[in-house]
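The structure appears right after this line, and notes come after that.
The values are calculated or read from the model by the stated rules, or taken from the named source; none is laboratory data. Just so it is clear, the structure is predicted and the values come from calculations on it, not from any experiment. Positions of Cβ are generated from backbone atoms using ideal geometry, with glycine treated the same way; all protein chains shown enter the neighbour counts.
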Amino acid sequence: MIVYTSITLNYLPKAKILAKSLKQFHPDWEFHLLISDKVPADKDAVYADELKQPHFDKVVWAEELPIENIKGWIFRHTVVELCTAVKGPYLQYLAGQGHEKIMYIDPDIAIFNPLTPLEEWLDEYGILLAPHLLDYTDNPQSIQDNEIMGTLRHGTFNLGFLAVNSALEDGRRFTDWWAARLKSYCYADYERGLFTDQKWVDLAPSFFEDYLIIRDPGYDVASWNLDCRALSFNEEGVLLVNGKHPLRFYHFTGYDSGAGMNVITSLTSGGVNPIVNELWDWYIRQLELNGHNQFGKERSFYDTFDNGKKIEKEMRVLYRESPDLQRIFTNPFDTENGKGGYLTWWHKDRPKPKAKSEVTSTPIPVIEPVSNLDKLQAQVYQDLLQSERYDRDAEYVPMLSQSFDSADALVKLVAFYLPQYHPFPENDEWWGKGFTEWANVTRAIPQFRGHYQPHLPGELGFYDLRVEDVHFRQIELAKQYGLYGFAYYHYWFAGKRLMEMPVDRFLANKKMDFPFLLVWANENWTRRWDGLENDILIAQEHSVESDYAFIKDLEPYLQDERYIRIGDRPVVIVYRADILPEPIPTTERWREYCVRNGLGEPYLVAAQTFGLDDPRTVGFDAAVQFPPHNEWHSPDLMIQNSTELSNPDFSSLIFSYPKMVQQQKALRTTTPYPLYKTVFPSWDSEPRKPGRGTIYAEAKPSLYRQWLEAACQWTISNHPEGERYVFINAWNEWAEGTHLEPDRRYGYANLYASMDVLRNLKA
């Protein structure tokens, strides 16, 4: 039999009492001490002697447990939560080492008679459980204390004791199940129905058949059941429960808080069990003899940061609820010599709740419904004014010093890039002098409760691409976070080019060392932002001559050593292959020209937009998804009927981003043609089409990460090495609400999520 207990160092005297009392009856049983703590540097010698007790067969430290990112996992728990959370993983570890009969027992327990029946029961049963209560009384105080506040609140079974036989099927299944639950959900969170490890085991009789509920009242006697368990001595001096059952072990719970002593003099216990007073007197003397006065007040190592600052529960809760924070701060205890780490982020960068004084300090003007604002709209806007509008979300990620080289990635991430953010004559004429996309971005307002608008840029600000340093910084950021390249939109209209300046500057400056490809945005330009789609500003014209003129125009780009290729074939994406009048002859001309001029046969990729599916039908080699086009607007993703709108004239489509991500993660379909996945971190065309766009609401960097990870894994499974590309829509489509560039709400979270996916990919 393996017996183990879980402690922090201040519980060491209690563990010594437990181990000594166990070895008195079972010297052949092996006792393990699991410690969720660290020895203070100035007390190494003291604890070295204490931990060499002959009754401690093995000492194990929590950080030795086989749990991923163990320091981060420890930080997610309060000290009390931690000491219970480790029980499941260690049980699983022991079972995995081939140990069969395994018992956990709390350190504040003492053994008073042999536990031989437990070992015998484990020959037959995979799981042994001890309930808090085996009987009841009609005493109102007992009902309140022991049934309502005790068992109903904390669980049917007391997990101060648990035993399994891992050689039996249900014993091993229980071990794995309980360990998994404690790794992820061992918290004192009453609102969620959790009380560390105990409430989980209420489910065990439903999940497993091979268990024994110990109904012998001699086991697990404690303050919560004393009113039904009278203690006495027989003629031989053996402690009995209810006159006939040997007292196997007593649970001295509540010594440090005083609760254990109080209960024995309460209405439910006082005078009924006078021997309990003797038992407690004995236990107090034993604590003194085993060094409680010396060790009992030690502060747990995991109660503070490495600089000695106390860790508040709110710090732990936010950390455990944010996977991104867990990935960024793998050792949240580390304060980087007081200069950084999670503690610094907590004080400087976390979203801060509004203080009560701030709510009432300044009167808020009441907005009366005017013009087309109805009462609902006015109320929503009133709420916006009354709430503190913090820019930073809980998933906000600050600028990091970490980086990831795309050369080490199993998948190459390429982000679509809009080269629009600079004035040019045509935009001046059509939209007004100095117009850029930023004019659309800044005019956006929330249209419903929780609507994230406007999207405001972070580090790069409202940049102008005429400033070359901006482009350098964009490339620097993309490379730092593991992106492989940019897919620049190319605007060509029968010989006339628009927005070419940023890409041409990139082409001319070899110091911008970053792979790229071109995406021909081959639609007519219209006033569709104004709802005037038939008002054409500049049209596409197609002919044999224009086919050759287009591919000739690409030649300087395709010749560049930075241009992205599959094999030796330069990749060219066409946004709307479906509107080419004669797509197959057109693609044949492009291929012929490129081969004839030594460019290599182009690898032609059709974007799946406006119903296009199989690229081979239009003479293309492959397809690239272009969400949210095509099948993405599924009716079962629509949520506008359940959305509280502020604008009565709102006619946009609202879809659920979380539901869409789950839908896409579940897709395992393959195609008879090469298909390249595309994901977007968010989508909201409200800035371009106020009240008429398409919105994917409730987007979060953590959800984007999940989608990207699924797309990358699919790509690894479906594309050969060297052709594993995943596209991101987009690097900087701010007016469509999709951008990897840092913003004020989430910071660098989308970039960090991209990097984290890459460095965790497995072939």
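Taking each residue of region 433-450 that is in contact (Cβ under 8 Å) with a residue 40 or more places away in the chain and looking for partners that are charged (D, E, K, R) and not in a loop (DSSP other than H, G, I, E, B) with beta-carbon atoms closer than 9 Å, six or more apart or interchain, yields Glu437/Glu733; Ala444/Asp684; Arg449/Asp383. If you check Ile143, Ile148, Ile102 for being closer than 30 Å to Pro217 by Cα, part of a strand (DSSP E or B) and not small (Gly, Ala, Ser), only one passes: Ile102. Across region 33-51, which residue is nearest to Gly160 (Cα to Cα) among those that are in contact with a strand residue (DSSP E or B) (Cβ under 8 Å, 6 or more places away or on another chain) and in contact (Cβ under 8 Å) with a residue 60 or more places away in the chain? So the residue we want is Ser36. In region 182-191, the condition of being under 41 Å from the mean Cα position of the chain (by Cα) and part of a loop (DSSP other than H, G, I, E, B) is met by at least one residue. Asp553 meets the stated requirement of being over 45 Å from the mean Cα position of the chain (by Cα), within 29 Å of His422 (Cα to Cα), in the same structural domain as Phe435 (by TED's automatic domain parsing) and assigned to a helix (DSSP H, G or I).
Scanning region 270-290 for residues that are in a loop (DSSP other than H, G, I, E, B), surrounded by 14 or more Cβ atoms within 10 Å (Cβ to Cβ) and modelled with pLDDT under 90 returns Gly270, Val272, Asn273.
Kindly establish whether Tyr390 is surrounded by 12 or more Cβ atoms within 10 Å (Cβ to Cβ) and modelled with pLDDT of 90 or more. No: the conditions fail for Tyr390. Being under 30 Å from Pro583 (Cα atoms), buried (at least 18 other Cβ atoms within 10 Å of the Cβ) and hydroxyl-bearing (Ser, Thr, Tyr) is the requirement here; does Tyr463 meet it? No; evaluated as a whole, the condition is false for this residue.
Scan region 706-762 residue by residue and report those that are more than 29 Å from Leu653 (Cα to Cα), touching a Leu at 6+ places or on another chain (Cβ under 6 Å) and in a loop (DSSP other than H, G, I, E, B). Residue satisfying the conditions is Leu761 alone. Please indicate, with yes or no, whether at least one residue in region 246-269 is β-branched (Val, Ile, Thr) and at pLDDT 90 or above. Among the residues of region 246-269, not one is β-branched (Val, Ile, Thr) and at pLDDT 90 or above, which makes the answer no. Counting just the residues of region 662-709 that are among the acidic types (Asp, Glu) and in contact with a Phe, Trp or Tyr (Cβ under 9 Å, 6 or more places away or on another chain), which one comes out surrounded by the fewest Cβ atoms within 10 Å (Cβ to Cβ)? Restricting to residues being among the acidic types (Asp, Glu) and in contact with a Phe, Trp or Tyr (Cβ under 9 Å, 6 or more places away or on another chain), the top hit is Glu698. Looking at Val221, Val238, just one residue is over 39 Å from the mean Cα position of the chain (by Cα), surrounded by fewer than 17 Cβ atoms within 10 Å (Cβ to Cβ) and of a type in the set (Val, Ile, Thr), and that residue is Val238.
Anything in region 480-496 that is within 18 Å of Ala749 (Cβ to Cβ) and either among the β-branched types (Val, Ile, Thr) or not in a strand (DSSP E or B) (or both)? List them, or say none. Of everything in region 480-496, those that are within 18 Å of Ala749 (Cβ to Cβ) and either among the β-branched types (Val, Ile, Thr) or not in a strand (DSSP E or B) (or both) turn out to be Gln480, Gly482, Leu483.
A quick yes/no check of all residues on (1) under 26 Å from Val679 (Cβ atoms); (2) not in a loop (DSSP other than H, G, I, E, B); (3) not assigned by TED's automatic domain parsing to the domain that holds Ile579:
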residue: Pro446; (1), (2), (3): yes, no, no
residue: Pro454; (1), (2), (3): yes, no, no
residue: Glu459; (1), (2), (3): yes, no, no
residue: Arg466; (1), (2), (3): no, no, no
residue: Arg473; (1), (2), (3): yes, yes, no
residue: Glu476; (1), (2), (3): yes, yes, no
residue: Lys511; (1), (2), (3): no, no, no
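Which of the residues that make up region 409-444 are among the charged types (D, E, K, R) and either touching an Asp or Glu at 6+ places or on another chain (Cβ under 8 Å) or part of a helix (DSSP H, G or I) (or both)? Scanning region 409-444 gives Glu426, Asp428, Glu429, Arg443. Just one residue in the set Phe56, Phe31 is farther than 30 Å from Leu318 by Cα and either among the basic types (Lys, Arg) or in a strand (DSSP E or B) (or both); that residue is Phe31. For region 395-411, the tally of residues that are within 15 Å of Gly722 (Cβ to Cβ) and either modelled with pLDDT under 90 or touching a Gly at 6+ places or on another chain (Cβ under 7 Å) (or both) stands at 2. Scanning region 8-48 for residues that are under 19 Å from Leu94 (Cα atoms), surrounded by fewer than 19 Cβ atoms within 10 Å (Cβ to Cβ) and aliphatic (A, V, I, L, M) returns no hits.
All of (1) over 30 Å from Phe305 (Cα atoms); (2) assigned to a loop (DSSP other than H, G, I, E, B); (3) at pLDDT below 85 hold for Arg350 with one exception: (1).
The rows are residues; the columns are (1) charged (D, E, K, R); (2) modelled with pLDDT under 95.
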position	(1), (2)
Lys433	yes, yes
Arg449	yes, yes
Gly458	no, yes
Val503	no, no
